[in-house]
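Engineer: Supplied in structure tokens, the structure appears directly below.
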Amino acid sequence: GPAVRRCFGPLLCLWALLLPAAGGAAARGLDVASYRERVRAMFYHAYEHYLESAFPYDELRPLTCDGQDTWGSFSLTLIDALDTLLILGNVSEFQRVVNVLQEGVDFDIDVNASVFETNIRVVGGLLSAHLLSKKAGVEVEAGWPCSGPLLRMAEEAARKLLPAFQTPTGMPYGTVNLLHGVNPGETPVTCTAGIGTFIVEFATLSHLTGDPVFEDVARKALKALWKNRSDIGLVGNHIDVITAKWVAQDAGIGAGVDSYFEYLVKGAILLQDKELMSMFLEYNNAIKNYTKFDDWYLWVQMYKGTVSMPVFQSLEAYWPGLQSLIGDVDNAMRTFLNYYTVWKQFGGLPEFYNIPQGYTVDKREGYPLRPELIESAMYLYRATRDPTLLELGRDAVESIEKISKVDCGFATIKDLRDHRLDNRMESFFLAETIKYLYLLFDPDNFIHNDGSDFDVVVTPYGECVLNAGGYIFNTEAHPIDPAALHCCRKRREEQWEVEDLMREFYTRKKTKKYTLKRAPDHGEGENAKDPKDASPEKAGEKRNFKKSSHSLLSCPSQSFNSKLAVLGQVFLDNT
């Protein structure tokens, strides 16, 4: 509708972030500053225990006060928590960790790694930290942000993932060995999110390094999913990346699909790409037509549209935040309030919630401290200033501290009914949950910059404006400054502008007689070419550049752990 059209442009959704307060915290007596400091204390309780008991392992095990590798042995929690340190204002620890990562992280290891998780957590975390380095007082090298140690690390990690994309369809395998590439006998079945969640990180990498391969493979994968949607406009949950046959045909907005939709919107904003946005809007219509019931979203069969599972998954709670980014705030609030009722029922969001029965699903009663509902609250609060959203933040702080806090950090809640705990603290707790909570309670954080404050940096390609706001969060809540994508292309853009001016001058100054006289050089008669088109390569470059010209803004996030199999059965992905 008009709200969506109004929202897609150079200042996409900035209007929503600048709306006057429609109420405010004081309306219900919630002490925002006090909750902000409690969130800060939660971060340090978890972070310090990770350093003390778990580093250099990927994650903290809070019940036994030790560590474990989970996603590939990258000291993952440290990478994931790095930009959160800066958002909390801790520049000295940010600087220390940057040095630790440069010295200690090695991607030349014989480890089977999730392509999806390595991208969103490692590549995304390093890119974000790279772009925030100067703001954090790190002494950056000449040429930054187009070069730097963290950027080189992000590029190295991403290159390790590229072999996964070498398939007949362009859709990647789900797992890759960092030393040897794709293992012989690797399953060709990948979930939809594991195929469509690369454009934010990979396009950023291509624009900063000048190597188009990353953006190219990410776009090809996105478009392969689009090409294989059903006749009614839906995508399933798992697909064979060799044959493009759908293996799990459940369609919904949650686990296994979620961040594909998220990255169509965020990729559109980051790259000002109308094609990506139109793809999302078409999906959005199909989702509303077939899966939406009373502001809940169910799972349906992708070809027939018949309901396969009437459940709400906690991962779906990112959706209201995504709706707010395209300007659909009213629908977003209604769905958010449905999800909030589930939180209030249990003191957290169970992984699965049976909507007709109003209760948890067997073996899916846990809450691993996921960020999605808090993330949506942050976006919607920026758009509406509705104090209900702060109340969700308050409830989250109270619940997590009461149920999940232990001596060595915060533990995953195994069962929300009896508050049993699991011996795990996922890295997204520090990367996402704490970050979104803090940003909800910190209206003056630099992340919320409205463009009134910015930095001008000099690059080898000219002057460049950074840190003006409009940050785009990847699906692990790592903020990317969209302005940075222009910093390393300026020379080419200016070259094209000068060439255009010269061509215009050339064609205006020369007489018709001169043009006719020159025509044989370019062809004759109907095949004659305009002098402007004398360099088709450059003309093509120019068209591509204009097509993917970019602008500012910021958006939602999540991770997936559960996968859906055929017939609506659900199984955990423990790889």
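The values are calculated or read from the model by the stated rules, or taken from the named source; none is laboratory data. On a predicted model such as this, the values are computed, not experimentally measured, just so you know. Don't worry about glycine lacking a Cβ; one is built from the backbone with ideal geometry, like all the others, and counts go over all protein chains shown. Note: areas computed on protein heavy atoms with side chains; ligands, DNA, RNA excluded. Shrake-Rupley method; radii C 1.70, N 1.55, O 1.52, S 1.80 Å.
Engineer: Of the residues in the range 401-438, how many are surrounded by fewer than 23 Cβ atoms within 10 Å (Cβ to Cβ) and among the β-branched types (Val, Ile, Thr)?
Structural biologist: Summing the residues that are surrounded by fewer than 23 Cβ atoms within 10 Å (Cβ to Cβ) and among the β-branched types (Val, Ile, Thr) in the range 401-438 gives 3.
Engineer: Just for helices (runs of 4 or more DSSP H) wholly inside the range 162-274: which have at least 2 residues that are touching a His at 6+ places or on another chain (Cβ under 6 Å) and open to solvent by less than 10 Å² (accessible area, probe 1.4 Å)?
Structural biologist: none
Engineer: Scan the range 111-130 and give yes if some residue there is touching a residue at least 60 places away in the same chain (Cβ under 8 Å), over 22 Å from GLU432 (Cα atoms) and surrounded by fewer than 20 Cβ atoms within 10 Å (Cβ to Cβ), otherwise no.
Structural biologist: yes
Engineer: Of the numbered conditions (1) of a type in the set (Gly, Ala, Ser); (2) over 22 Å from GLN102 (Cβ atoms); (3) surrounded by fewer than 24 Cβ atoms within 10 Å (Cβ to Cβ), GLY137 satisfies every one except a single condition; which is it?
Structural biologist: Answer for GLY137: the failing condition is (2).
Engineer: Right, something else. Return the residues of the range 122-161 that are at pLDDT below 95 and either on the phi > 0 side of the Ramachandran plot or in contact with a His (Cβ under 6 Å, 6 or more places away or on another chain) (or both); say none if nothing qualifies.
Structural biologist: Scanning the range 122-161 gives a single hit, GLY143.
Engineer: Given the conditions (1) touching a residue at least 40 places away in the same chain (Cβ under 8 Å); (2) open to solvent by less than 40 Å² (accessible area, probe 1.4 Å); (3) assigned to a helix (DSSP H, G or I), and given that ASN331 satisfies all but one, which numbered condition is not satisfied?
Structural biologist: Result: ASN331 passes all but (1).
Engineer: Those residues that are touching a helix residue (DSSP H, G or I) at 6+ places or on another chain (Cβ under 9 Å), small (Gly, Ala, Ser) and either over 17 Å from ARG40 (Cβ atoms) or open to solvent by 10 Å² or more (accessible area, probe 1.4 Å) (or both), I need them from the range 63-88; list them, please.
Structural biologist: GLY67, GLY72, SER75, listed by residue number.
Engineer: Here is a further query. Is it the case that some residue within the range 353-367 is under 21 Å from THR77 (Cβ atoms), touching a residue at least 40 places away in the same chain (Cβ under 8 Å) and in contact with a Phe, Trp or Tyr (Cβ under 9 Å, 6 or more places away or on another chain)? First the steps, then the outcome.
Structural biologist: Of the residues in the range 353-367, the ones under 21 Å from THR77 (Cβ atoms) are 366-367.
Keeping just the survivors that are touching a residue at least 40 places away in the same chain (Cβ under 8 Å) gives 366-367.
So of that shortlist, the ones also in contact with a Phe, Trp or Tyr (Cβ under 9 Å, 6 or more places away or on another chain) come out as 367.
Taking every residue of the range 353-367 in turn, at least one turns out to be under 21 Å from THR77 (Cβ atoms), touching a residue at least 40 places away in the same chain (Cβ under 8 Å) and in contact with a Phe, Trp or Tyr (Cβ under 9 Å, 6 or more places away or on another chain).
Engineer: Taking SER308 as the residue in question, decide whether it is open to solvent by less than 10 Å² (accessible area, probe 1.4 Å), closer than 15 Å to ILE253 by Cα and of a type in the set (S, T, N, Q).
Structural biologist: no
Engineer: Let me ask something else about it. Please determine, by comparing only the residues of the range 30-62 that are among the hydroxyl-bearing types (Ser, Thr, Tyr) and under 28 Å from GLY174 (Cβ atoms), which one is surrounded by the most Cβ atoms within 10 Å (Cβ to Cβ).
Structural biologist: Here the residue is TYR50.
Engineer: OK, next. From the list LEU101, LEU60, which residue is more than 19 Å from the chain's Cα centre (by Cα), in a strand (DSSP E or B), farther than 25 Å from PHE454 by Cα and of a type in the set (A, V, I, L, M, F, W, C)?
Structural biologist: Testing whether each residue is more than 19 Å from the chain's Cα centre (by Cα), in a strand (DSSP E or B), farther than 25 Å from PHE454 by Cα and of a type in the set (A, V, I, L, M, F, W, C) leaves just LEU60.
Engineer: Of everything in the range 463-493 that's in a helix (DSSP H, G or I) and at pLDDT 55 or above, which residue is most open to solvent (accessible area, probe 1.4 Å)?
Structural biologist: Filtering the range 463-493 for residues that are in a helix (DSSP H, G or I) and at pLDDT 55 or above, the one most open to solvent (accessible area, probe 1.4 Å) comes out as HIS486.
Engineer: Just wondering, is there one or more residues in the range 356-371 that are open to solvent by less than 10 Å² (accessible area, probe 1.4 Å), at negative phi, part of a helix (DSSP H, G or I) and of a type in the set (Phe, Trp, Tyr)?
Structural biologist: Within the range 356-371, none of the residues are open to solvent by less than 10 Å² (accessible area, probe 1.4 Å), at negative phi, part of a helix (DSSP H, G or I) and of a type in the set (Phe, Trp, Tyr).
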